[in-house]
Amino acid sequence: MNIQLSPLGLIHSPYQEKFSVPRQPSLVSATTSSLVFNSDFNDPDLLDSVEQFSHFWLVFAFHQNIKSGWKAKVRPPRLGGNKKVGVLASRSSFRPNHLGLSLLELSHVERSPNKLAMHFKGGDLVNGTPIYDVKPYLPYADSVPEAQAGYAQLAPQQQLKVNWTQQALQQAQQLNIEQTQRLVIEQVLAQDPRPAYKQNKSDDREYGVALYQFNIRWRILEVNASESQVEIVSVTHAA
């Protein structure tokens, strides 16, 4: 049976592209995300009693990947990008029906005649992501501490130190980048968003990432044989 889905609304977040998105919603704690409901669903009754719950499941679409189709086997980052598994044994964004699931912590609800929104702490969704359903998280039903998680049993541990060049700091000041925005930029880059096969390795390439309305250029520097760090080279306003 085919069904037609209409998005409840769109996500507003700092992440302008997939490259900058953390691999799980809680990894960048300084960020915030908001679900702003479309006019067809702008009914406050829709959110009656939602404040009774602290966390919500969001059903969304990987809208930037739809044209690329899906793959039966993928290379999960947790396996270093070198080993393939079935797409249903992964959280790959290249999947049948292009649907994803994310668990977010509610911050507050905004109710006004012209705007209905749910604001969340953290998030791992690209700006403009369509949301198709919202369901409350139930600890007694949704938490299974003894569950087996295969190759992703443990949380990722790597956190790189992030430094700003003098030029980048001056540019950030000129652009009036807020302290919270700086913290989000640092937490995103500390995760090393490069492809999995490049993580834990230094290279000579300079990378770019779009966060908020800014373009951030950065690179990985090798401190010693066992330690690398991120250097933010420049920050400019997106065109």
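Some notes on this structure:
- Within segment 182-239, strands (runs of 3 or more DSSP E) holding 2 or more residues that are within 29 Å of Lys84 (Cβ to Cβ), not hydroxyl-bearing (Ser, Thr, Tyr) and not assigned by the TED database to the domain that holds Gln16: 206-211
- Filtered residues of segment 196-211 (kept if under 15 Å from Pro22 (Cβ atoms) and surrounded by fewer than 18 Cβ atoms within 10 Å (Cβ to Cβ)): Ala196, Ala210
- Residues of segment 88-99 that are hydrophobic (A, V, I, L, M, F, W, C) and either farther than 22 Å from Ile131 by Cβ or out of contact with any strand residue (DSSP E or B) (no Cβ under 7 Å at 6 or more places or on another chain) (or both): Leu88, Ala89.
- The selection criterion, being part of a helix (DSSP H, G or I), surrounded by fewer than 16 Cβ atoms within 10 Å (Cβ to Cβ) and of a type in the set (Gly, Ala, Ser), does not hold for Ala168.
- Scanning segment 212-234 for residues that are more than 23 Å from Val126 (Cβ to Cβ) and open to solvent by 60 Å² or more (accessible area, probe 1.4 Å) turns up Arg219, Glu222, Val223, Asn224, Ala225, Ser226, Glu227.
- Restricting Leu138, Leu116 to residues that are loosely packed, with under 13 Cβ neighbours inside 10 Å and modelled with pLDDT of 95 or more narrows the list to Leu138.
Listed here are the residues, each with its yes/no results for (1) modelled with pLDDT under 95; (2) open to solvent by less than 60 Å² (accessible area, probe 1.4 Å).
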site	(1), (2)
Gln4	yes, no
Tyr15	yes, yes
Phe60	no, yes
Asn65	yes, yes
Lys71	yes, no
Gly80	yes, yes
Pro96	yes, yes
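This table checks each residue for (1) modelled with pLDDT of 90 or more; (2) charged (D, E, K, R); (3) outside any loop (DSSP other than H, G, I, E, B); (4) farther than 25 Å from Trp218 by Cβ.
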position: Pro7; (1), (2), (3), (4): yes, no, no, yes
position: Arg23; (1), (2), (3), (4): no, yes, no, no
position: Ser29; (1), (2), (3), (4): no, no, no, no
position: Ser33; (1), (2), (3), (4): yes, no, yes, no
position: Asp40; (1), (2), (3), (4): yes, yes, yes, yes
position: Ser102; (1), (2), (3), (4): yes, no, yes, yes
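The values are calculated or read from the model by the stated rules, or taken from the named source; none is laboratory data. What you are looking at is a predicted structure, and each value in this text was computed from that prediction instead of being measured. Every residue, glycine as well, gets a Cβ built from its backbone with ideal geometry; the counts of neighbours run over all protein chains shown. Surface areas here come from the heavy atoms of the whole protein model, side chains and all, with no ligands, DNA or RNA. Shrake-Rupley method; radii C 1.70, N 1.55, O 1.52, S 1.80 Å.
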